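Beneath this line is the structure, given in structure tokens, with notes to follow.
The values are calculated or read from the model by the stated rules, or taken from the named source; none is laboratory data. What you see is a predicted model, and the numbers here were worked out from it, not measured in a lab. Cβ: placed from backbone, ideal geometry, glycine included. Neighbour counts: every protein chain shown. Ligands, DNA and RNA are excluded from the accessible area calculation, which covers all protein heavy atoms including side chains. Shrake-Rupley method; radii C 1.70, N 1.55, O 1.52, S 1.80 Å.
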Amino acid sequence: MRGYQEDLMDGPNDSRMGDRLRAARERLGWSREELAFRSGVSWSAIAQAETGRRRNLRPRTLFLLSMPLGVSIDYLVAGGPTRPMLDHQALLYDTEQAFTEGAGRFLLEGIERSEATLVVTNKGNIEILRDQLGREAEQVELVDSANALTSPEAALELFTGFLNDRIQQGAVWTRVLAEPIWAGRSKSEVRLWTRFESLINLLLGSSPASVVCPYNVKALPPAILREAHATHPRMAEGGAVTVSPDYRGPGSFALDA
């Protein structure tokens, strides 16, 4: 197999990249020939990278090597974990107009950027957004939350399925507006869904996605609104987006009894 030896470039880079590439390969018990077969990168190119003779690899080569090895490109290049890409916001609104403006702004921005866009909210808000978006609504997938958010597991399956499908279809970024259902939830259910909101930052952290969760500040109890500040890194209100000073990482929620 000829492979992609031409994708290698000379130049300065982390001298430990070759060590990490070899460690990832040996962890799986593979020879260089096996990695060459599985990745499509030539044996000689892999040997040059592992021995440090070539230190700067093109993005395509890094991608081809990282996929079968089951590691991130960030790990190969810098030795660290993948930095989060997810933008997770809580949209605070107190009137129908505030919801329409905030949600509409978020969705229209995604449409203008040709991002794959999903909306999960109640039927009333779906109709409001249809009117707001007009013909552009045809570019958005609209889902009734009553049928989709039956459990955190169902919600996660919906979100990850949408993200994976659209990315495989060629989307470079995804956008989700999902309004949690709080009415009628027991205390234990509220706590479960609150933890789910927090875990989104971990479960989808490396995904190319922007996620906005609307919260009606007039209809929801203060405790739920306080938790919204703790589970969302950023808050959107009145057209402004700010960093939440009360944000807590998902680890603290997972360990909180």
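Considering only residues of segment 201-222 that are assigned to a helix (DSSP H, G or I) and at pLDDT below 95, which is most open to solvent (accessible area, probe 1.4 Å)?
Checked segment 201-222; the qualifying residue most open to solvent (accessible area, probe 1.4 Å) is 202.
From the residues in segment 53-74 that are of a type in the set (D, E, K, R) and out of contact with any helix residue (DSSP H, G or I) (no Cβ under 7 Å at 6 or more places or on another chain), which one is most open to solvent (accessible area, probe 1.4 Å)?
53
I need the full set of residues from segment 124-162 which are under 18 Å from the mean Cα position of the chain (by Cα), open to solvent by 40 Å² or more (accessible area, probe 1.4 Å) and within 12 Å of residue 177 (Cβ to Cβ), in order please.
141
Which of the numbered conditions does residue 166 fail, given that it passes all the others? Conditions: (1) in contact with a helix residue (DSSP H, G or I) (Cβ under 6 Å, 6 or more places away or on another chain); (2) farther than 28 Å from residue 243 by Cα; (3) crowded, with 16+ Cβ neighbours inside 10 Å.
It fails just one condition, (1).
For segment 75-108, name all the residues that are in a helix (DSSP H, G or I) and either open to solvent by 20 Å² or more (accessible area, probe 1.4 Å) or among the hydroxyl-bearing types (Ser, Thr, Tyr) (or both). Give the derivation first.
Pass one, segment 75-108, residues in a helix (DSSP H, G or I): 75-78, 96-108.
The answer is 75, 77, 78, 96, 97, 98, 100, 101, 105, 106, 108.
Just wondering, is there one or more residues in segment 89-109 that are closer than 26 Å to residue 138 by Cα and in contact with a Cys (Cβ under 6 Å, 6 or more places away or on another chain)? Before you say what the answer is, go through the steps one by one.
Applying the first criterion (closer than 26 Å to residue 138 by Cα) to segment 89-109 yields 89-93, 95-109.
If we keep only those that are in contact with a Cys (Cβ under 6 Å, 6 or more places away or on another chain) too, we end up with 90.
Scanning segment 89-109, I find at least one residue that is closer than 26 Å to residue 138 by Cα and in contact with a Cys (Cβ under 6 Å, 6 or more places away or on another chain), so the answer is yes.
Condition first: surrounded by fewer than 17 Cβ atoms within 10 Å (Cβ to Cβ) and not charged (D, E, K, R). Now tell me which residues in segment 234-243 satisfy that.
Result: 238, 239, 240, 241, 242, 243.
Looking only at residues in segment 23-52 that are among the basic types (Lys, Arg) and buried (at least 17 other Cβ atoms within 10 Å of the Cβ), which one is farthest from the chain's Cα centre (by Cα)?
The first filter runs over segment 23-52 and keeps only residues among the basic types (Lys, Arg), leaving 25, 27, 32, 38.
Then drop every residue that is not buried (at least 17 other Cβ atoms within 10 Å of the Cβ), which leaves 25, 32.
Details: 25: 27, 32: 33 Å.
Across segment 23-52, the extreme among qualifying residues is 32.
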